[in-house]
Amino acid sequence: MKHFERWQDRDEVVGALICGSYVTGHPDVHIILSNDVTWQVRGNQIIDGFLIEYFANPSGQIRRYFQDDFNKHRTMAMVQFQTGHILFDYTGIINELKIEAYAWLEKNYETINKTVLEIKKYGLWDMLDNVKDCNEQKRGDFICVYHNSLS
């Protein structure tokens, strides 16, 4: 992949993983840096007509993403690594991160307090009701309300 010509031979780069919708041409690429690196990069690049989103992080940061996602009841980082395809892995760290992603996904979340659960369910219902109202009334802000509710 052309994008990695500038990354692959750098001393601080230890591996890369492609994930996301790489089958449809909208992939995410994680470039794994050695842990002694103190910088991170996130960017987008169009290569051969495809938008590539890339992230360059040390493995320790990836592990913090796993922890943060778990704490927020999300699975984004773990699923990316679990389902991603290793492009290169000079030190074996990406394979380790894939194994850790599987372990995080197997963990059970703490039970949510029943009151909090009911509030969250009401919030979802209220949001859906608002989107439906906007659509039925053909309001000009429907797209904004729709996208806001998705986020």
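The values are calculated or read from the model by the stated rules, or taken from the named source; none is laboratory data. Note that the structure is a prediction, hence the values are computed from the model and not measured. Cβ: placed from backbone, ideal geometry, glycine included. Neighbour counts: every protein chain shown. Areas reflect the complete protein model, heavy atoms only, side chains present, ligands, DNA and RNA absent. Shrake-Rupley method; radii C 1.70, N 1.55, O 1.52, S 1.80 Å.
Kindly indicate which of 140, 123, 92, 49 is in contact with a strand residue (DSSP E or B) (Cβ under 9 Å, 6 or more places away or on another chain) and either buried (at least 16 other Cβ atoms within 10 Å of the Cβ) or of a type outside the set (Asp, Glu) (or both). Talk me through it step by step, then tell me what you get.
Values: 140 fails: in contact with a strand residue (DSSP E or B) (Cβ under 9 Å, 6 or more places away or on another chain); 123 fails: in contact with a strand residue (DSSP E or B) (Cβ under 9 Å, 6 or more places away or on another chain); 49 fails: in contact with a strand residue (DSSP E or B) (Cβ under 9 Å, 6 or more places away or on another chain).
Just one listed residue meets the conditions, 92.
Looking only at residues in the range 115-151 that are of a type in the set (S, T, N, Q) and either touching a Cys at 6+ places or on another chain (Cβ under 8 Å) or assigned to a helix (DSSP H, G or I) (or both), which one is farthest from residue 76 (Cα to Cα)?
As a first pass, look at the range 115-151 and keep what is of a type in the set (S, T, N, Q): 115, 130, 135, 137, 148-149, 151.
When the remaining residues are screened for being either touching a Cys at 6+ places or on another chain (Cβ under 8 Å) or assigned to a helix (DSSP H, G or I) (or both), the result is 115, 130, 135, 148-149.
On the way: 115: 26, 130: 27, 135: 30, 148: 19, 149: 18 Å.
Among those residues, the one meeting the criterion is 135.
Every residue in the range 52-73 that is open to solvent by less than 60 Å² (accessible area, probe 1.4 Å), more than 15 Å from residue 94 (Cα to Cα) and not acidic (Asp, Glu), please.
Once the filter is applied, which keeps residues that are open to solvent by less than 60 Å² (accessible area, probe 1.4 Å), more than 15 Å from residue 94 (Cα to Cα) and not acidic (Asp, Glu), the range 52-73 yields 52, 54, 70.
Any idea which of (1) within 19 Å of residue 76 (Cβ to Cβ); (2) open to solvent by less than 60 Å² (accessible area, probe 1.4 Å) is the one residue 108 doesn't satisfy?
Just one mismatch for residue 108, condition (2).
Got a sec? Which strands (runs of 3 or more DSSP E) wholly within the range 36-114 have at least 3 residues that are closer than 24 Å to residue 5 by Cα and aliphatic (A, V, I, L, M)?
Values: elements: 41-47, 50-58, 85-89.
It comes to 41-47, 50-58.
Collect the residues in the range 39-78 that are of a type in the set (D, E, K, R) and farther than 18 Å from residue 16 by Cβ, keeping them in residue-number order. I'd like the intermediate steps shown before the answer.
Of all residues in the range 39-78, those of a type in the set (D, E, K, R) come to 42, 48, 53, 63-64, 68-69, 72, 74.
Matches in the range 39-78: 64, 68, 69, 72, 74.
Given (1) closer than 24 Å to residue 69 by Cα; (2) open to solvent by 60 Å² or more (accessible area, probe 1.4 Å); (3) at pLDDT below 90, identify the lone condition not met by residue 149.
(2)
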